[in-house]
Amino acid sequence: MKRCIHALLASTAFLLISAFWMHPSWAQTKIPRVGVLLPNPPDPRFMGPFYQTLREHGLVDGKSVAFDVRDAGEDSTRYAELAAELVRLKVDVLFPVGPSAVRAAFAATRDIPIVAHDLESDPVAAGYVQSYNRPGGNLTGLFLDSPELAGKWIELLKTIVPRLSRVVAVWDSTSSPVPLDAIRKVAPSFGVKVQVLEIHTPADISKASSAFAGHPQAMIVLPAPMFWIQAARVAQLARKHRLPAVSFAVPFAEAGGLLACGPSMGATTEQCAVLVSKILNGAKPADLPIERPSKFEFVLNLKTASDLHLTVPDRLLLTADRVINK
């Protein structure tokens, strides 16, 4: 009899507990998780538009979506470990930023959808996707067409320095070779020779000197997460050697570099956020075409031009999205 009573009580308890968790008002709904892999701690100028766009699509942090954010602290050796950690957490989408983070995320999983933010790599050549229009795997995202921009950078510099024949290209050698290859390929058509300044860490920026022995007349800062984060230090390097310089990063011109010409970083993260939203609503990355930046910015620092005794043609002043005078 006692055994029957105990069994009945146990059964009743089980049913009550089950009813508690299954009742619509008590059940805990699992919200999707986005794993974010960054080169540095989150920058509001970069991640702010990403979060805001997700909110506009009904994905509110803590309510309808959650974020697991990891940053490598500019240590490229940590990406594999951090990507593997996010995969173990079974996030629903991975959002890696920069070529090193994208490589690590792609190596870590072929199952979890990946929305890549990579302004340096060719996704087809890298083996991430079958084609731009039909990626065909677990990765989609935003990539930059470097060859087109490379020609624009040299063209801008030659407009201000007509006799330009030697430039130094500042390159993060821990990143992708695609932007450097693009500059080397297009420079001869402008009658320009390219020296390369390889940068491995932020500390290398202020110590760089060897590449200036060839007396370059201008500087091109190639795309890399490090050079966006360290834009002020790179601008200081250009000023130290009194070089007219162009970068993809607007903060470079704001910090005293001569020119910035490149994608609007806020707009690029907005595009990625839309892709994340689509995937969380059931779309497959295999069917979402690779995107290119939709908005570009051209910023000219007129004070720096004056300090370098350069004359800026009116046509550049008229086409600039913003002119900095102080």
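The values are calculated or read from the model by the stated rules, or taken from the named source; none is laboratory data. None of these values were measured; they are calculated from a predicted model. Counting neighbours? That spans all protein chains shown, and the Cβs are built from the backbone with ideal geometry, glycine included. What goes into the accessible areas is simple: the full protein's heavy atoms, side chains included, and nothing from ligands, DNA or RNA. Shrake-Rupley method; radii C 1.70, N 1.55, O 1.52, S 1.80 Å.
Wholly within segment 237-320, which helices (runs of 4 or more DSSP H) include no fewer than the required count, namely at least 2 residues that are in contact with a Pro (Cβ under 7 Å, 6 or more places away or on another chain)?
On the way: elements: 250-254, 265-280, 302-307, 314-319.
Filter on segment 237-320 gives 265-280.
Please tell me if Val34 is in a strand (DSSP E or B), surrounded by fewer than 17 Cβ atoms within 10 Å (Cβ to Cβ) and modelled with pLDDT of 95 or more.
When the stated conditions are applied, Val34 does not pass them.
Every residue in segment 222-236 that is open to solvent by 10 Å² or more (accessible area, probe 1.4 Å) and either of a type in the set (D, E, K, R) or farther than 17 Å from Leu38 by Cβ (or both), please.
Ala232, Arg233, Gln236
Every residue in segment 154-168 that is out of contact with any Phe, Trp or Tyr (no Cβ under 8 Å at 6 or more places or on another chain) and crowded, with 23+ Cβ neighbours inside 10 Å, please.
Leu157, Val167
Suppose the filter is of a type in the set (S, T, N, Q), touching a residue at least 40 places away in the same chain (Cβ under 8 Å) and open to solvent by 40 Å² or more (accessible area, probe 1.4 Å); does Asn138 pass it?
So Asn138 does not fit the description; no.
So, in segment 169-184, how many residues would count as being closer than 16 Å to Pro225 by Cα and either surrounded by fewer than 23 Cβ atoms within 10 Å (Cβ to Cβ) or not acidic (Asp, Glu) (or both)?
11
Scan segment 43-59 for residues that are exposed (fewer than 15 other Cβ atoms within 10 Å of the Cβ), modelled with pLDDT of 95 or more and not charged (D, E, K, R) and jot them down.
Gly48, Gln52, Gly58
Within segment 63-73, can one find any residue that is in a helix (DSSP H, G or I), among the hydrophobic types (A, V, I, L, M, F, W, C), over 30 Å from Glu148 (Cα atoms) and modelled with pLDDT of 95 or more?
no
Output the helices (runs of 4 or more DSSP H) that fall wholly within segment 100-208 and possess 1 or more residues being within 30 Å of Arg315 (Cβ to Cβ), or say none. Please lay out each step first, then the result.
Working: elements: 146-160, 178-186, 202-207.
Filter on segment 100-208 gives 146-160, 178-186.
Quick check on my filter: what residues within segment 61-86 are farther than 22 Å from Ser100 by Cα and either touching a residue at least 40 places away in the same chain (Cβ under 8 Å) or open to solvent by less than 50 Å² (accessible area, probe 1.4 Å) (or both)?
Ser64, Val65, Ala66
Checking the condition within 29 Å of Leu59 (Cα to Cα), over 17 Å from the mean Cα position of the chain (by Cα) and surrounded by 24 or more Cβ atoms within 10 Å (Cβ to Cβ), which residue from Pro113, Pro99 passes?
Numbers: Pro99 fails: over 17 Å from the mean Cα position of the chain (by Cα).
Criteria check complete, one pass: Pro113.
Let's see how each residue does on (1) of a type in the set (Gly, Ala, Ser); (2) open to solvent by 10 Å² or more (accessible area, probe 1.4 Å); (3) under 21 Å from Val161 (Cα atoms):
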site: Leu258; (1), (2), (3): no, no, yes
site: Ala267; (1), (2), (3): yes, yes, no
site: Ile279; (1), (2), (3): no, yes, no
site: Ala305; (1), (2), (3): yes, no, yes
site: Thr311; (1), (2), (3): no, yes, yes
